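Each remark here refers to the structure printed beneath this line.
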Amino acid sequence: MILTDQQILAEMERGTIVIEPYDRTCLGTNSYDVHLGRYLATYHDAVLDARKHNKIDVFEIPEEGFVLQPGTLYLGVTEEYTETHAHVPFLEGKSSVGRLGIDIHATAGKGDIGFCNTWTLEISVSMPVRVYHNMPVGQLIYFTVQGDVENFYNRKPNAKYNERTVKPVESMMWKNQF
């Protein structure tokens, strides 16, 4: 089941959902709007290798915005830091963003219970589009879970994305054994 606005507020009161900064006007009927953070990144090399640490080039979005180009994978970040201690968060793009031809995540729309960080966005576009820091970019939807949790993300010794950041984070696939 998806949490409603009143349930999201109640969970924030309990401390099981944290959103910083929080703005009441961003709370929808059953979601919370998140915004594009100050930084974007692109991979340094043209060919990525899943077994190697692929470096990224991080840059700040200028005041006049930045034009995203098709054929380039951009890593973005949410302005909001979130914590989710009892629900499964899903990040979905806003329909207004999708209608501009912007996809905000390739595969990583679901968070884990215990995820505490900003969200790295995997941004691609179908045509050139100018984006701006702090523009609404997505919405978080919270699902209830059934049963007890044994392995919270923020307590896993092998969790790769626990370090708090305001910048996009590159793939850590290279840390896996395969």
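A few points about this structure:
- Test: residue in the range 132-152 that is without any contact (Cβ under 8 Å) to a residue 60 or more places away in the chain and either surrounded by 16 or more Cβ atoms within 10 Å (Cβ to Cβ) or closer than 23 Å to residue 41 by Cα (or both): no
- Residues that are in contact with a strand residue (DSSP E or B) (Cβ under 9 Å, 6 or more places away or on another chain) and of a type in the set (A, V, I, L, M, F, W, C), drawn from the range 11-49: 12, 17, 18, 19, 26, 27, 34, 36, 40, 41
- Verdict on residue 115 being at pLDDT below 95 and closer than 21 Å to residue 23 by Cα: yes
- Annotation note: of 58, 77, the sole residue that is within 25 Å of residue 152 (Cβ to Cβ), in contact (Cβ under 8 Å) with a residue 60 or more places away in the chain, outside any loop (DSSP other than H, G, I, E, B) and under 19 Å from the mean Cα position of the chain (by Cα) is 77.
- The residues in the range 90-116 that are surrounded by 21 or more Cβ atoms within 10 Å (Cβ to Cβ) and not in a helix (DSSP H, G or I) can be counted, and the count is 4.
- For the range 29-55, the set of residues classified as among the hydroxyl-bearing types (Ser, Thr, Tyr) and either within 26 Å of residue 174 (Cβ to Cβ) or part of a loop (DSSP other than H, G, I, E, B) (or both) consists of 29, 31, 39, 42, 43, listed by residue number.
- Check on residue 50, surrounded by fewer than 17 Cβ atoms within 10 Å (Cβ to Cβ) and in contact (Cβ under 8 Å) with a residue 24 or more places away in the chain: yes
- Among the residues of the range 120-131, none qualifies, meaning not one is in a loop (DSSP other than H, G, I, E, B) and under 14 Å from the mean Cα position of the chain (by Cα).
- Residue 169 fulfils the conditions (1) farther than 20 Å from residue 30 by Cα; (2) within 11 Å of the chain's Cα centre (by Cα); (3) at pLDDT 95 or above except for a single criterion, (3).
The values are calculated or read from the model by the stated rules, or taken from the named source; none is laboratory data. This is a predicted model, so every value here is computed, not measured. So basically every Cβ, Gly included, is an ideal-geometry build from the backbone, and we count neighbours across all protein chains shown.
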